[in-house]
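Data block below; observations after.
The values are calculated or read from the model by the stated rules, or taken from the named source; none is laboratory data. Every value quoted in this text rests on a predicted model; they were computed, and no experiment measured them. Cβ atoms come from the backbone with ideal geometry, glycine included; neighbour counts cover every protein chain shown. SASA here: full protein model, heavy atoms, side chains in, ligands and nucleic acids out. Shrake-Rupley method; radii C 1.70, N 1.55, O 1.52, S 1.80 Å.
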Amino acid sequence: MSVSQGDEAELPQLVRTTTRLEEEIDKALRHLCMDEKITKEVWFEAAYLYLAEHPKAMQAVNGAAKERYQRRKRAADLRKLETMQKRLKG
């Protein structure tokens with residue numbers, strides 16, 4: 001199968017990223033994607049494109065994301081404190 005120059009121009013430019021997800025969400029998303037025969041990356045892209053076209057839904061998701069971010073930040077801070085306490089004790 002050969003690719004013409006016109007076809008080549010339509011190919012998306014991809015970047016490699018690392019995503020960290022909560023274990024239960026990752027598990028649920030993997031099952032969803034296996035059932036739908038898609039990848040998590042394509043699902044993320046489609047979800048973003050949908051939200052970009054629906055500003056109210058985007059605002060709701062951004063609000064939830066900010067709350068989750070604060071929760072993760074607090075958890076990271078607690079882990080740092082625990083590590084420092086262990087080092088001081090021992």
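A Förster radius of 25 Å combined with the Cβ-Cβ distance from M84 to R20 puts the calculated FRET efficiency at roughly 0.65. Just the protein heavy atoms count here, and of the accessible area of the chain at 1.4 Å, carbon and sulfur take up 56 percent. Considering every Cα-Cα pair within the chain, what fraction, in whole percent, is farther apart than 23 Å? Considering the chain, 52 percent of its Cα-Cα pairs are separated by more than 23 Å.
Modelled spin-label separation between A9 and W43, with each label point placed 7 Å from Cα along the Cα-to-Cβ direction: 3.5 nm.
Per residue, the solvent-accessible area of the chain (1.4 Å probe, heavy atoms of protein chains only, all protein chains present) comes to 99 Å².
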